[in-house]
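Engineer: What follows is a structure written as structure tokens; I'll ask about it next.
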Amino acid sequence: MIYEIALLPVRSEHIDAFRRAFDEVAPLLMRAKSYAGHMLAQGIEREPDRVWVADITYIRIASGFIYLAVVLDACSRKVIGYALSKRIDTPLALAVLTAAYRIRKPAPGTCI
């Protein structure tokens, strides 16, 4: 089952797990931002919604692992889509791309 982070129920007993998860995810976001910055320095698109950068990472939780997929806009370096899943599979990738597309609504022919 795939969840968007905003839809996950937050319980008080899971706060520590979320903090640990953030500590594991923060380096992923920094790497993605660094990569996006490197691509921009090379002269790649300098307009929003022209180049998106995506990555998937795992987060250790008490019952095993969950997978976090993130899409960043290479120009603004902002997170524009994210999704969580218990499996690393096609529905996770489609969910994160759909979330990013719904949020940004790029003009036809300008992105991807």
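Engineer: Residues being out of contact with any strand residue (DSSP E or B) (no Cβ under 6 Å at 6 or more places or on another chain) and modelled with pLDDT under 90: count how many of those fall in region 70-93.
Structural biologist: So the answer is 4.
Engineer: Out of all the residues in region 79-102, which are closer than 11 Å to ASP49 by Cα and either more than 12 Å from the chain's Cα centre (by Cα) or surrounded by fewer than 13 Cβ atoms within 10 Å (Cβ to Cβ) (or both)?
Structural biologist: Filtering region 79-102 down to residues closer than 11 Å to ASP49 by Cα leaves 80, 100-101.
Selection gives TYR101 alone.
Engineer: If you don't mind, there's one more thing I want to ask. Going by the conditions given, is TYR101 in contact with a Phe, Trp or Tyr (Cβ under 8 Å, 6 or more places away or on another chain) and at pLDDT 65 or above?
Structural biologist: Taking the combined requirement at face value, the residue does not satisfy it.
Engineer: Does at least one position in region 18-40 carry a residue that is within 10 Å of the chain's Cα centre (by Cα) and at pLDDT 70 or above?
Structural biologist: No, region 18-40 has no match at all.
The values are calculated or read from the model by the stated rules, or taken from the named source; none is laboratory data. Everything quoted here is computed from the prediction, not taken from an experiment. Positions of Cβ are backbone-derived with ideal geometry, glycine not excepted, and every protein chain shown enters the neighbour counts.
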